[in-house]
Every structure is written in structure tokens, then in C-alpha cells.
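K.L.:
This is the structure I have questions about; it appears just below.
What follows draws every value from the coordinates through simple rules; no lab data is involved. Fair warning: this is a prediction, and the values are worked out from it, not measured in the lab. Using ideal geometry, Cβ is built from the backbone for each residue, glycine included, and neighbour counts are taken over all protein chains shown.
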Amino acid sequence: MNSNAKAPADIQEDSGEFVLTSIDEQLFGRYIQEMDDSYRLLWTSAETYLDRAFGYCYLNESGFVSACNTFYVGGGYIEPDIITHKEYRNQGLAFRLCQEFIALSRQRQLTIYWDCDTGNTGSNHLAVKLGLVKVGEVPILWWHESKEVIAKYLAAYNYNT
């Protein structure tokens, strides 16, 4: 990836209640603490993240409302990771963030790679709304040390267990 092609410096789209902004070093650190600590494993530092990846988020006075980050980038592909707090879903926030993410991905000549579980109806609906085309389904093998963790996940994403 061309590390010279950076995300727009601090997009500030203010809709009143929410502010859309690109994720910078400070927000990346907050994202790990407030939203998804697995990004500590995905990206060794904020510097590495900002050199190779990017993301956008909506903030309000309480913090993160919704975010679209780079989960994976390589081989000409980029995979977004979208999280929206439950109380803010179905307001078009993830859609707007993904539009920005897709636009910058295309600008960087990266192909969007979208995957989600069959039961994740929100993600599936969002992919269609964004104009992505489903190319297939693959079965998932579930491996975890606790059946309870998997059962909760399956229930959360409307699987018949």
C-alpha cells in the first residue's frame, strides 16, 4: 500500500448530534480502550495503523457512536470492520461511514472485501445497501474453549441453535 496516501485530515461533518471524523492517533487509542481492544492485536501501534490503514467514526459528547475501521489490508484488498452502539443503529450512521471508507479505499486502488456471518442481518443489509454483491457463502467451523460464548454469539446474530 502507498503510505503517502493518507485519509483526509480530520473530516469534520457535523450533523448536530454527531460529528463524523477520520480516526487519528488519539482516536485510535481511544477506540482500543472504548470499543474494541482486539485492535491491539491487529495493529502493533497507532503509527502502524495510520501508515497502512484508516477509519472513520461518529462521535458525540459521550464518545464513540459508530466506527468503520480497517480490519485487514493486503494483496490489493481491504476489509472494513463496522461497530455501532445498539441505541444508535438504523439511523444511517454506519452507511455514511462506509461510504467514506469505500471512497478512500477506491482512491487508494483497494478492492473492498466484505465478510460477515449469515445471521448478521444488519451487516448483510448494509452490504447490499452499499451496492456490494454477494458472491457466495461458506460454512463456519466454531472453535472456542467455552460453548457458552458461542451460544451467546449465535443468539445475538439470529442463528437457530
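K.L.:
Using θ = phi - 60° and the Karplus relation 6.51 cos²θ - 1.76 cosθ + 1.60, list the HN-Hα couplings for region 42-56 in order, rounded to whole Hz, with x at every Gly or Pro.
P.N.:
So the J values, rounded to whole Hz, are 6, 10, 5, 6, 4, 4, 5, 4, 5, 6, 10, 10, 6, x, 9.
K.L.:
Quick one: which residues, 5 or more positions from residue 65 or on another chain, have an amide H under 5 Å from its amide H? H modelled 1.01 Å from N in the peptide plane, none for Pro or chain starts.
P.N.:
Residues meeting the criterion, in which the H sits 1.01 Å from N, are 58, 59, 60.
K.L.:
Using a cut-off of under 19 Å, list every residue of region 105-133 whose amide N is near the label point 7 Å from the Cα of residue 142 along the Cα-to-beta-carbon line.
P.N.:
Residues 116-124 fall inside that zone.
K.L.:
Just to check I understand the Karplus step: with θ = phi - 60° and J = 6.51 cos²θ - 1.76 cosθ + 1.60, what whole-Hz values come out for region 108-123, glycine and proline as x?
P.N.:
8, 6, 10, 8, 5, 10, 10, 9, 7, 5, 4, x, 7, 4, x, 5
K.L.:
Scan [x] 17.4, 59; [y] 16.1, 47; [z] 23.1, 79 for the value of Rg and Dmax of the Cα atoms in Å calculated from this model and give just the label.
P.N.:
[y]
K.L.:
Go ahead and estimate [θ] at 222 nm for the chain from helices alone: -39,500 (n - 2.57) per DSSP H run with n ≥ 4, summed, over the residue count, rounded to 500.
P.N.:
Mean residue ellipticity, 222 nm, calculated: -9500 deg cm²/dmol.
K.L.:
At 0.36 nm per residue, minus the direct Cα-Cα distance, what do residue 95 and residue 133 gain on full extension? Give it in nm, one decimal, please.
P.N.:
Using 0.36 nm per residue and subtracting the Cα-Cα distance, I get 12.1 nm.
K.L.:
Which Cα, out of 94, 132, 72, lies furthest along the positive dipole direction of the chain (beta carbon charges, K/R +1, D/E -1)?
P.N.:
132
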